[in-house]
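Trainee: Below you'll find the structure I mean.
The values are calculated or read from the model by the stated rules, or taken from the named source; none is laboratory data. Remember, it's a predicted structure, so these values are computed and weren't measured experimentally. So basically every Cβ, Gly included, is an ideal-geometry build from the backbone, and we count neighbours across all protein chains shown.
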Ligand code: UDP
């Protein structure tokens, strides 16, 4: 295998996984595939594309990544789209809609020579979605990749966007629950993590020790962790309650709640205050406010934990669960949304619906080292098979093979 990045992935995801990617990519060699989104840095989409593009290139595909440029009003409009698609009752005025259309047209003019020639164009989210209107001579297949939960969109906004995306050849959603009915094939490609990112790479024990020492965490005592924004749907106060109920049965128990971004989010600030009130100065409850780039710190905390909690009351997918399972940690997760795909009850962790339920499982697991190890190993394998970015790439390739080869019900690999 003469490709350095693929070799690195083979080492963590498995040589079989990489061989399968090579097989799938064989009929796609030399094909022009262009991804388009609205930002080069920041956010989950950019993070995924940063690895997907070089991986596709190493597989022999002529993969490119274009980023559209917009005005502040354009981003104001697409932020409103985002909130409306997630169900908020927000109105988007005509002036903003015209700006959205204008920016799409300008970017379409700029990118047209490449995009009209490409074999496959993958447009991410609503920001660049209206460009298709300006590609009268397009040659290839156009796919709309929606990363947003559109299960209960604010209707007026969806009525505006739907005709724009209906013109695509296919669309892709993250989970079945997020899908809207569209007049073309709809595919499901769940989110994934990158095993080679700072958040997920193996760390030396000394680095984990140093992070624990910095936050006053004693590595010789049992440790619970929840990583999440300070948001009521993540139920951080419920986590403190579960900790309180468990502690009498597990001497020396410590809890870390690690989150960030609360300072610029009024709602987050209020939730953080509630968490502090619930913790009530307890020296064994560590409430951490981390900067946005604290990836290695989060990685270290996840590795230091004995059990990871994600006690969400509502959750899209729950990447924190994926991250913890990949580090071979059993996860006690809220019985909701994408957590159900990841926490296989009694196998990779436990699904719970209350602080009492969480405490019951914690009390049991913290006394069952062997079971924790077994569950951890199953969790890691579950993620290896289903939630690494190599699986996401495999599904993109499969989708392209199907669309370009006009095979909707059958894919032949020779
Ligand atoms: N995260 C982070 N810093 C924080 C809190 C969360 O980097 O203070 C990361 C976390 O590791 C995960 C992502 O943000 O990668 C959160 O994704 P998830 O799907 O769990 O929840 P969301 O915040 O999207 O609802």
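Trainee: Looking at 29, 41, which one is over 29 Å from residue 379 (Cα atoms) and under 19 Å from the mean Cα position of the chain (by Cα)?
Mentor: 41
Yes or no, residue by residue, for (1) in a strand (DSSP E or B); (2) more than 11 Å from the ligand (Cβ to nearest atom):
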| position | (1), (2) |
| --- | --- |
| 198 | no, no |
| 210 | no, yes |
| 229 | no, no |
| 237 | no, yes |
| 252 | no, yes |
| 255 | yes, yes |
| 268 | no, no |
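Trainee: Mind listing just one residue for me: the one in the range 182-193 that is in a loop (DSSP other than H, G, I, E, B) and surrounded by fewer than 20 Cβ atoms within 10 Å (Cβ to Cβ) and, of those, farthest from the ligand (Cβ to nearest atom)?
Mentor: This residue is 183.
Trainee: Being at pLDDT below 95, surrounded by fewer than 13 Cβ atoms within 10 Å (Cβ to Cβ) and either in contact with a strand residue (DSSP E or B) (Cβ under 9 Å, 6 or more places away or on another chain) or assigned to a helix (DSSP H, G or I) (or both) is the filter here, so list the residues in the range 27-42 that pass it.
Mentor: 40
Trainee: Any residue that is within 16 Å of the ligand (Cβ to nearest atom), in contact with a strand residue (DSSP E or B) (Cβ under 8 Å, 6 or more places away or on another chain) and either farther than 30 Å from residue 138 by Cβ or assigned to a helix (DSSP H, G or I) (or both) - is there at least one of those in the range 243-250?
Mentor: Within the range 243-250, not a single residue is within 16 Å of the ligand (Cβ to nearest atom), in contact with a strand residue (DSSP E or B) (Cβ under 8 Å, 6 or more places away or on another chain) and either farther than 30 Å from residue 138 by Cβ or assigned to a helix (DSSP H, G or I) (or both).
Trainee: Residue under question is residue 233, and the condition is that it be at negative phi, within 16 Å of the ligand (Cβ to nearest atom) and more than 19 Å from the chain's Cα centre (by Cα); does it hold?
Mentor: Here the answer is no, as residue 233 does not meet what is asked.
Trainee: Another question, if that's okay. Please work out if residue 46 is in contact with a strand residue (DSSP E or B) (Cβ under 9 Å, 6 or more places away or on another chain), in a helix (DSSP H, G or I) and free of Cβ contacts under 8 Å to residues at least 12 places away in the same chain.
Mentor: The answer is yes for residue 46.
Trainee: Among the numbered conditions (1) crowded, with 19+ Cβ neighbours inside 10 Å; (2) within 11 Å of the ligand (Cβ to nearest atom), tell me where residue 272 comes up short.
Mentor: (2)
Trainee: So which of 156, 185 is farther than 21 Å from residue 49 by Cβ, touching a residue at least 60 places away in the same chain (Cβ under 8 Å) and over 24 Å from the mean Cα position of the chain (by Cα)?
Mentor: 156
Trainee: Output the qualifying pairs, or none if there are none: Cβ atoms under 7 angstrom, residues six or more apart or on different chains, first residue in the range 302-322 and on the phi > 0 side of the Ramachandran plot and within 12 Å of the ligand (Cβ to nearest atom), second residue part of a helix (DSSP H, G or I) and modelled with pLDDT of 95 or more.
Mentor: 318/339; 318/342
Okay, residues lined up against (1) surrounded by 14 or more Cβ atoms within 10 Å (Cβ to Cβ); (2) within 27 Å of the chain's Cα centre (by Cα); (3) touching a residue at least 12 places away in the same chain (Cβ under 8 Å); (4) under 26 Å from residue 149 (Cβ atoms):
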| residue | (1), (2), (3), (4) |
| --- | --- |
| 77 | yes, yes, yes, yes |
| 86 | yes, yes, yes, yes |
| 93 | no, no, no, yes |
| 99 | yes, no, yes, yes |
| 104 | yes, yes, yes, yes |
| 112 | yes, no, yes, no |
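Trainee: Looking at residue 196, is it surrounded by fewer than 20 Cβ atoms within 10 Å (Cβ to Cβ), closer than 30 Å to residue 159 by Cβ and within 17 Å of the chain's Cα centre (by Cα)?
Mentor: So residue 196 fails the test.
Trainee: Taking only pairs six or more apart or across chains, which ones have beta-carbon atoms under 8 Å, a first residue in the range 274-299 that is within 16 Å of residue 229 (Cβ to Cβ) and in contact (Cβ under 8 Å) with a residue 12 or more places away in the chain, and a second residue that is near the ligand (Cβ under 8 Å from one of its atoms) and part of a helix (DSSP H, G or I)?
Mentor: 290/298; 298/323
Trainee: Specify the residue that is surrounded by the fewest Cβ atoms within 10 Å (Cβ to Cβ); the eligible residues are those in the range 323-350 that are part of a loop (DSSP other than H, G, I, E, B) and without any contact (Cβ under 8 Å) to a residue 40 or more places away in the chain.
Mentor: Per the stated criteria, the residue is 346.
Trainee: Let me ask another. Does the range 264-283 contain at least one residue that is closer than 27 Å to residue 175 by Cβ and within 19 Å of the chain's Cα centre (by Cα)?
Mentor: Checked against the condition, which is being closer than 27 Å to residue 175 by Cβ and within 19 Å of the chain's Cα centre (by Cα), the range 264-283 yields no hits at all.
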